[in-house]
Amino acid sequence: MAAMGEGGLKSVGNLVTALKEFRCLTDPDLRTLCLDLVAMELEMTSVPVRVHRVTDYFLVELARECLENVRIMHALRASLAVMAAADEDAMMRLDSVMEQMTARPALPETAAARLRSLLEELEIEQLGQLCRTAAGPLQDIPAVTSPWHAFEVLSRMNAQPGGLPPGLALVEYLAAAARPLQRADALREWADEQARELGLTPQLRSLRQQVGHAAPAGPVDAYLVIRLLPQEEAGCYELSSWHQYDPTGWHPARGPVTQVTSETAERAVQTLVYEAAEEWDDAGAIHIEFMLGPDDLNLPVHRWRLELDSEMPTPLYMDYPVVVRSLERSRTRRWHRQWKQRWNVFDQQPERAKQLVVDGEDPDSPRSGDTRALFARLKVDPQVVALILNSPPGATPRETRRC
């Protein structure tokens, strides 16, 4: 991505000048740590930047990657905020350079006024979903209130290299959903004019063909994934979250990381759920998934409440589907192959899928307490996709039956 209004080499030079002020990027030993933080923020194993011993070469390559991928630029800024937080002047100068590079060109007043007149009374279902589709999987979309508001939001976002600006792409998606047809034609005419001005007519025609052959947008389910990672101090956790609401595939976006305790975790989760409900008001359903460590799998997270400050707090499970997943299993990749095989059976041949009930009525059902027999049964029967316990893990059957 080149900065608007100036050549790509000038953009590289401006960014290199700003980055030279950070010691963690000019010191060969510290720059490796900084790149590791960038990769962590992006959830990548590494950043595609070579650690040159010559500082100028390293900074030129880093600046070039930032210009080609705005996510790397923002991840670098976040990493520098951790490693060089005290250098406020350098951070301010970097922010100024980044703002100049990522700014979109202003839309001429006449073109803006014409588009606004076309969008102001337009009623569109699944507007948020159309915004996410137009912006692509790498952009976080705030809640929007109208088609014109949506265009304003997306117009401040950057296009992928060689792609359409998200705002222009949104107009094309809105045209496909607009009624009456005269309004749809007017929106396409407006988009054609802007594409000609930007030299993006082939890209717009390609998108128009894709949109014309796509099925009408319908409600899509959203997912809020919450991880509680135990810390060294008892009762303390690192709370992370991921947000997934993308009709094009599984592209979860990571949210902020906070520190919570056993007493404050419920309220922190309430905040995350409120934010998701406001942002995803057009979702078909919002699923809440918890990833918990082995010692926390019995936490009654499904009974954690919303409306904590009201007279009648509501358990999560009354409003949302709640799933608990094992953090240990998700991290232990050697266990994944067998479970993927079972899910393939469930997905491709559901009539063959079985459930196994501990202490069930079937004479072949495994007995509680005999884990060796249970493991042996699972090993020999790849068609078992669900295991139903007769009591919570750690509780005895007798205790459960009394509940």
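The values are calculated or read from the model by the stated rules, or taken from the named source; none is laboratory data. Here the structure is a predicted model, which means the values were calculated and not measured. Cβ coordinates were reconstructed from backbone atoms using ideal geometry, including for glycine residues, and neighbour counts include every protein chain displayed.
For residues in the range 241-263 being of a type in the set (Val, Ile, Thr) and surrounded by 15 or more Cβ atoms within 10 Å (Cβ to Cβ), which is nearest to Ser79 (Cα to Cα)? Result: Thr258.
Taking the conditions (1) surrounded by 13 or more Cβ atoms within 10 Å (Cβ to Cβ); (2) modelled with pLDDT of 85 or more in turn, Gln209 satisfies each one other than (1). Test Ala169 against the criterion of being outside any loop (DSSP other than H, G, I, E, B) and surrounded by 22 or more Cβ atoms within 10 Å (Cβ to Cβ), and give yes or no. Yes.
Take the residues in the range 49-92 that are of a type in the set (Lys, Arg) and surrounded by 14 or more Cβ atoms within 10 Å (Cβ to Cβ), then tell me which one is modelled with the highest pLDDT. Residue satisfying both the conditions and the ranking: Arg77.
Within the range 333-366, the set of residues being in contact (Cβ under 8 Å) with a residue 12 or more places away in the chain and among the hydrophobic types (A, V, I, L, M, F, W, C) comprises Trp343, Val345, Phe346, Ala353, Leu356, Val357, Val358. Using the structure shown, decide if Gly136 is closer than 23 Å to His243 by Cα and touching a residue at least 24 places away in the same chain (Cβ under 8 Å). Criteria met by Gly136. Scanning the range 259-276 turns up no residue that is modelled with pLDDT under 95 and assigned to a strand (DSSP E or B).
Filter the range 371-389 for residues that are of a type in the set (Gly, Ala, Ser) and either part of a helix (DSSP H, G or I) or over 17 Å from Arg352 (Cβ atoms) (or both) and give the result. Steps first, please.
Our first condition is that a residue be of a type in the set (Gly, Ala, Ser); within the range 371-389, this holds for 373, 376, 386.
Correct list: Ala373, Ala376.
Would you check if Arg325 is at negative phi, part of a strand (DSSP E or B) and surrounded by 12 or more Cβ atoms within 10 Å (Cβ to Cβ)? Walk me through it before giving the result.
Working: at negative phi: yes; part of a strand (DSSP E or B): yes; surrounded by 12 or more Cβ atoms within 10 Å (Cβ to Cβ): yes.
Criteria met by Arg325.
Listed by first and then second residue, the pairs linking a residue in the range 36-56 that is on the phi < 0 side of the Ramachandran plot to a residue that is among the aromatic types (Phe, Trp, Tyr) and buried (at least 16 other Cβ atoms within 10 Å of the Cβ), with Cβ atoms under 7 Å apart and 6 or more places separating them unless they lie on different chains, are Val51/Phe58; His52/Phe58. Only one of the numbered conditions (1) at pLDDT 90 or above; (2) under 29 Å from the mean Cα position of the chain (by Cα); (3) assigned to a loop (DSSP other than H, G, I, E, B) is violated by Ala217, and that is (1). Here Asp362 meets each of (1) under 30 Å from Ala234 (Cα atoms); (2) in a loop (DSSP other than H, G, I, E, B) with one exception, condition (1).
Among the numbered conditions (1) modelled with pLDDT of 90 or more; (2) outside any helix (DSSP H, G or I); (3) of a type outside the set (Val, Ile, Thr), tell me where Pro392 comes up short. The failed condition is (1).
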